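Colleague: My questions will all concern the structure given below.
The values are calculated or read from the model by the stated rules, or taken from the named source; none is laboratory data. A quick note: this is a predicted structure, and the numbers were derived from the prediction, not measured. Cβ: placed from backbone, ideal geometry, glycine included. Neighbour counts: every protein chain shown.
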There are 2 protein chains.
Amino acid sequence: MKFRRSERLVDMTTYLLEHPRQLIPLTYFAERYSSAKSSISEDLGILKETFEHRGIGTLQTIPGAAGGVKFFVKVSDEESKPFVQQLCEMIAKPDRLLPGGYLYLTDILGNPSIVQKAGRIIASAYAASSIDVVMTVATKGIPLAYAVASQLNVPVVIVRRDSKVTEGPTVSINYVSGSTKRIQPMVLSKRSLAEGSKVLIVDDFMKAGGTVMGMKSLLEEFKAIVAGIAVLVEAEKIEERLVDEYISLIQLSDVDVREKRINVKEGNYFLKKGRGK
Amino acid sequence: MKFRRSERLVDMTTYLLEHPRQLIPLTYFAERYSSAKSSISEDLGILKETFEHRGIGTLQTIPGAAGGVKFFVKVSDEESKPFVQQLCEMIAKPDRLLPGGYLYLTDILGNPSIVQKAGRIIASAYAASSIDVVMTVATKGIPLAYAVASQLNVPVVIVRRDSKVTEGPTVSINYVSGSTKRIQPMVLSKRSLAEGSKVLIVDDFMKAGGTVMGMKSLLEEFKAIVAGIAVLVEAEKIEERLVDEYISLIQLSDVDVREKRINVKEGNYFLKKGRGK
């Protein structure tokens, strides 16, 4: 059965969005729709233009016999700026302040459409980077890590605070929490990470950076490489910031628990994303 | 600026996939593309046909002044059956067996494309149901819960084993694990669930069902209602199954740790999904 162009465009859009960073040979689409390669090429031209024009992503064409197309997510600043601004307003509400300068973010992190969008924005910064795996620490960072990883087409590994039977053998380290100065364990399943992996660390919140430092030490045990660090929210003005190279969507400052005051602004994402982090 | 039909189709597909179960007025699209409502109606006709034909979902048209369109995910059996079959083959490998009859699923649950697809399949069974929130228990169920919730356009609430400062005030219960018979706590942030919410419970693995029973008791404390229970994998032939009404994608049987043997087959999903669970 033959497909009309309109049907092909709808189906190809769905397919490409679900298969980011994967090389799809033209012949795959030609067979899927019983159409000539020349028609598929024209379709892809329309897709490429629309994806770029609408701030959905980019479509890379690889010529030759082993060629095809690859979709990369790329959220435009026109779309991401208002989203980050809206998040800032949500976060600035004083009743989010918890003891110790922490913030109640559970409702925001529990909203899949917010998390997916934040994930697409973060993934835009790394779409062209060489990344093998996204790493996060249980529990709150998990949804964002998956949202990023699904756009980068890589697996997620989850570091835990304790070992569980369902993980099989594990590797464990101890790290010092940057803000509480307590010593805590960090555990990762041995099977879950291959030597030499290029790892993007993703987390929901970074205060002094102790947790991220812990993840870096754990990665050394696995002889893996830190390819990037991305957080949704960073608490600014921490005197001893342990981690330097990272991107954040949102930055807190002047957190005053007694006065119930927080200043919330755009993170360093819009400055850093273009410069290879 | 005016948009051609082909561009509109690509952009509308992206928009609808990202906004499931939300009523989008025709005027929204008419303004977005500076196009006549009649053209938008024709576009939606093409989308509806293609979504159904390709097993992507359904498009419901609500007529009248307050009307519009709603996209519902609906993965066809032609697509979901081979996927579940492939998962069965992955799971049947004997080196996944861990002490106590547990299975190593970390690599499968760490693969966002598998988790997303499983989530779309489970969400297909509940797309038309009235569900306010998806609930899961930390840690392993979280990715699947988000994958389901993002298709149902509802928030996720995460039950924990311990309380954390970042959760604010919590409600806690004790439950008896069905397989180990141990008493364990279960904690949920007070702010995270409204009274009377209709809750879909999602988890990665169900053995005797003690964890799910615990979540049900916790929901009683919140005066919330269980609208459904869905798991990726269930262990069959547990003598005292505590939970009756659920759907599963995969079923284990004859787990023999000493002989390193597992039987893996399709769960009850394909039997139950049509019958309102």
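Colleague: For residues that are out of contact with any helix residue (DSSP H, G or I) (no Cβ under 8 Å at 6 or more places or on another chain) and not aliphatic (A, V, I, L, M), scanning just region B:235-251, find the one that is modelled with the lowest pLDDT.
Modeller: Let us first name the residues in region B:235-251 that are out of contact with any helix residue (DSSP H, G or I) (no Cβ under 8 Å at 6 or more places or on another chain), namely B:236-241, B:244-245, B:251.
When the remaining residues are screened for being not aliphatic (A, V, I, L, M), the result is B:236-237, B:239-241, B:244-245, B:251.
Values: B:Glu236: 69, B:Lys237: 59, B:Glu239: 55, B:Glu240: 58, B:Arg241: 65, B:Asp244: 73, B:Glu245: 86, B:Gln251: 93.
Selected residue: B:Glu239.
Colleague: What pairs come up if the first residue lies in region A:37-51 and is farther than 14 Å from A:Pro63 by Cα, the second is outside any helix (DSSP H, G or I), and their beta carbons are under 7 Å apart, counting only those six or more places apart or on different chains?
Modeller: Listed by first residue and then by second, the contacts come to A:Leu47/A:Leu59; A:Lys48/A:Leu59; A:Phe51/A:Gly57; A:Phe51/A:Thr58; A:Phe51/A:Leu59.
Colleague: Another question, if that's okay. Pick from B:Ala123, B:Ala149: which is more than 10 Å from every other protein chain (Cβ to nearest Cβ) and within 21 Å of A:Leu17 (Cβ to Cβ)? Working first, answer last.
Modeller: Values: B:Ala149 fails: more than 10 Å from every other protein chain (Cβ to nearest Cβ).
Unique residue meeting the criteria: B:Ala123.
Colleague: Looking at region B:135-151, can you tell me whether even one residue there is hydroxyl-bearing (Ser, Thr, Tyr), assigned by TED's automatic domain parsing to the domain that holds B:Ser248, in a helix (DSSP H, G or I) and within 20 Å of A:Ser113 (Cβ to Cβ)?
Modeller: yes
Colleague: Now for a different question. Please give the number of the condition B:Ile40 fails out of (1) buried (at least 18 other Cβ atoms within 10 Å of the Cβ); (2) under 30 Å from B:Lys265 (Cβ atoms).
Modeller: Among (1) buried (at least 18 other Cβ atoms within 10 Å of the Cβ); (2) under 30 Å from B:Lys265 (Cβ atoms), the lone unmet condition for B:Ile40 is (2).
Colleague: Given the residues B:Ser130, B:Ser124, which is the only one that is surrounded by 20 or more Cβ atoms within 10 Å (Cβ to Cβ), within 19 Å of the chain's Cα centre (by Cα) and hydroxyl-bearing (Ser, Thr, Tyr)? Give the derivation first.
Modeller: On the way: B:Ser130 fails: surrounded by 20 or more Cβ atoms within 10 Å (Cβ to Cβ).
From the options B:Ser130, B:Ser124, the qualifying one is B:Ser124.
Colleague: I've got another one for you. Taking region A:134-148 as the search range and keeping residues that are in contact with a Leu (Cβ under 8 Å, 6 or more places away or on another chain) and within 19 Å of A:Val73 (Cβ to Cβ), which one is surrounded by the most Cβ atoms within 10 Å (Cβ to Cβ)? Outline the logic, then answer.
Modeller: So in region A:134-148, the residues in contact with a Leu (Cβ under 8 Å, 6 or more places away or on another chain) come out as A:134-136, A:140, A:143-144, A:148.
Cutting the leftovers down to within 19 Å of A:Val73 (Cβ to Cβ) gives us A:134, A:136, A:143-144, A:148.
Details: A:Val134: 33, A:Thr136: 25, A:Pro143: 30, A:Leu144: 26, A:Val148: 31.
So the residue we want is A:Val134.
Colleague: Here's something else I'd like to know. Could you pull out every one of the strands (runs of 3 or more DSSP E) wholly within region B:185-268 that has 2 or more residues that are surrounded by fewer than 20 Cβ atoms within 10 Å (Cβ to Cβ)? Before you say what the answer is, go through the steps one by one.
Modeller: Numbers: elements: B:198-206, B:225-235, B:247-256, B:261-266.
Of the strands (runs of 3 or more DSSP E) lying wholly inside region B:185-268, those with at least 2 residues that are surrounded by fewer than 20 Cβ atoms within 10 Å (Cβ to Cβ) span B:225-235, B:247-256, B:261-266.
Colleague: Something else: Under 7 Å by Cβ, and 6 or more places apart or on different chains, what pairs join a residue from region A:176-202 that is free of Cβ contacts under 8 Å to residues at least 60 places away in the same chain and under 14 Å from A:Glu220 (Cβ atoms) with one that is hydrophobic (A, V, I, L, M, F, W, C) and in a helix (DSSP H, G or I)?
Modeller: Correct list of pairs: A:Met186/A:Leu218; A:Leu188/A:Leu218.
Colleague: Restrict the check to region B:92-106 and report whether at least one residue is in a helix (DSSP H, G or I), charged (D, E, K, R) and closer than 25 Å to A:Leu16 by Cβ. If you could, list the steps in order and put the result at the bottom.
Modeller: The initial filter retains those residues of region B:92-106 that are in a helix (DSSP H, G or I), namely B:94-96, B:99-101, B:106.
With charged (D, E, K, R) added as a condition, the list becomes B:95-96.
After this cut, where a residue has to be closer than 25 Å to A:Leu16 by Cβ as well, the list is none.
Within region B:92-106, none of the residues are in a helix (DSSP H, G or I), charged (D, E, K, R) and closer than 25 Å to A:Leu16 by Cβ.
Colleague: Determine, yes or no, whether B:Thr170 is of a type in the set (Val, Ile, Thr) and closer than 26 Å to B:Leu249 by Cα. Step through it out loud before you land on a result.
Modeller: Numbers: of a type in the set (Val, Ile, Thr): yes; closer than 26 Å to B:Leu249 by Cα: no.
When the stated conditions are applied, B:Thr170 does not pass them.
Colleague: Taking region A:6-20, which residues are closer than 15 Å to B:Met12 by Cα and of a type outside the set (Asp, Glu)?
Modeller: Within region A:6-20, the subset closer than 15 Å to B:Met12 by Cα is A:6-17.
Residues satisfying the conditions are A:Ser6, A:Arg8, A:Leu9, A:Val10, A:Met12, A:Thr13, A:Thr14, A:Tyr15, A:Leu16, A:Leu17.
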